Amino acid sequence: MQRVVSGSSDYSYSSGNGASYRVFRDPVHDMSEFPTQWANAFTTRISHFTDAFSPLIQTVQFDELTCAFIDTPQFQRLRYLKQLGTSYFVFLGASHNRLEHSIGTAHLARRLVKRLKKAQPELGITHRDVKCVELAGLCHDLGHGPFSHVFDGHFIPAVKGPRADGTFWCHEEASEMMLDALVKENEIDIPEDWVRFIKDLIRGEPRLSIHHDPPEKRFLFEIVSNKRNGIDVDKWDYLARDCKMIGETCTLVASRLLDSARVIGDLIAYKWKDSQSVMEMFQSRYSLHKRIYNHSAAKGIEYMIVEALIAAEPVYQLSDAIEDPKKYLHITDSILEEIERKIDDPRLEKSQRILKNLRKRLIPCRVEEKATSSSDVAPDEHPLSEEEVIIDFSVLHFGMKDKDPLQLVQFYGKHKPDEISYTRLDESGYLRPMRFQEVIVRCFAKDKRKRHQVQAAFRRIMESLPSDLPTNYPTTPTEAPSTPVGTTMVQLPGEASNLQTAKPPRSKATTPFATIPNTFTTLPVPPRSPSSPSRANHKRKKSDYSGLNVKENTPSDDGSRKKVKRGD
């Protein structure tokens, strides 16, 4: 019997042997990625859905056990968590949620482990391994809170602080809590050792399943959350999905790396000829973090939301929900609307004022932005946020902090598929970054009228920090040199034919960080208005994003009050 769920993005059907399946339409992962016999079988069974497997409407398929996890309140909660958090306030296409990302990750996880099982039967991959890896991909984001990393990265540390051992709560802990609740409350028949294995696959390391007999296969922990080099199906899905939804072109072809994967020495390696694809994946990650996830407007909105949630904490006690799965089930992005609806509660007045300014686009104004390396500027555990100023530290990297991620990936050659090696510069190419991590330091003025004063004060502080610019870095346009400025070519010891780019000398504290101000963020000199007695005592309407009262207007040099028109 075939059944279509009206108005839904999925439909189910039963096979001849009584097993039931569900097919989900996914705009990212194509049906063509399934084995041919699967596609033919599905087409035969539901042939009257002529558009089900067209290139315009892609699909993914799950069995009855996986659908039992999907059809639960704990998993369906992910429909109400935006994948890109506050970036949706800036990029209109970033409206996708964590539910579709989790389904895509589960799909890729199953594809990868089944391909390894078929290509390398000597690995002994079992049905249990396949299902646990698939379910780990499905459930890896169950613990995300409102606006994703805003909740566990900013709100909870600000409210709860560190534990006695110095660690902070993370959303992976909530994922384990919600997984336990999902299995128990929905009476899913699954062995306890499977649940422990799934939790460890989500964490990317054996902890709860370390004593399992026989021992769990080490390479399976690199599929959903790879702690060794960052190449995992979670990254494959969100890179492709985020790019598609915001209208970007994604250079990552997950199916190519998936077909290239091979287990050697209990680790997953890739074909050497795909080293450029691997490097482009890391570059895509950095680019999205720099341009999309850490967009200055989105970061400013993050601080507004955090401040609104902190002000509402006495009413909702959101921080206590991280220990209670029944309460956490209802903590989603809709918390903002819930705060706004309670117009008669005076305890929420400050939070509502902040959110009202958010709706009116009265957000913090970025007045300065500089980039440096993390070795010179270490972000505090809690970003500085005083009455008039926000200092934000955004750590950006290629996926493995300050390390070259390509040097952590094992490759194998066509003629020696069972031997792994690391790629050299003369093999993978010389055009590589000089560094792989940076810290973007941003200064925001909560009150746009004071942005000139805030920028000047921030630049004076930054003068005491060392610069990362090479001593011979050009500050004015020059003709393109035949050899890149600040680099020299040297020979590696013992390898006369292998060349690498040597790092240029770094300037020390004698070259102040702000000696060369950011010309792109420098504010124009505010125009002066003539003195007018009739306007000397004129009071402007006060509005700052946080609801804090501005006691007096900004005076001009001649003592009069200047009228400032609010910008966009």
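We did not get these values from a lab; they are worked out from the coordinates using the rules stated. Since we're looking at a predicted model, the values are computed, not measured. No Cβ is skipped: glycine too gets one built from the backbone with ideal geometry, and neighbour counts run over all protein chains shown.
Please compute, over every Cα-Cα pair in the stretch 210-275, the percentage with a separation greater than 19 angstrom.
Numbers: 881 of 2145 pairs.
Across the stretch 210-275, Cα pairs with separations above 19 Å total 41 percent.
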Quiz item: For the pair residue 95 and residue 194, how long in nm is the line joining their label points, each one 7 Å along Cα→Cβ?
Solution: 3.7
Self-check item: Modelled FRET efficiency - R0 25 Å, residue 416 with residue 256, Cβ distances, 0.05 increments
Solution: 0.75
Quiz item: By how many nm would the segment from residue 337 to residue 159 grow when fully extended, if each residue of separation counts as 0.36 nm and the alpha-carbon distance is taken off?
Solution: 62.0 nm
Quiz item: Can you give the extra length, in nm with one decimal, that the chain gains between residue 525 and residue 118 once fully stretched, where that is 0.36 nm per residue apart less the Cα-Cα distance?
Solution: 139.8 nm
Self-check item: Per-pair calculated FRET efficiency, R0 = 30 Å: residue 185 and residue 369 via Cβ, rounded to 0.05
Solution: 0.05
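Can you tell me the length gained on complete extension of the stretch residue 403 to residue 452, counting 0.36 nm per residue apart and subtracting the Cα distance? Write down the numbers at each step before the final one.
On the way: separation 49, 0.36 × 49 = 17.64 nm, distance 3.76 nm.
Extra length available between residue 403 and residue 452 comes to 13.9 nm.
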Quiz item: Convex hull over the Cα atoms of the stretch 174-298, averaged projected area in nm²?
Solution: 10.2
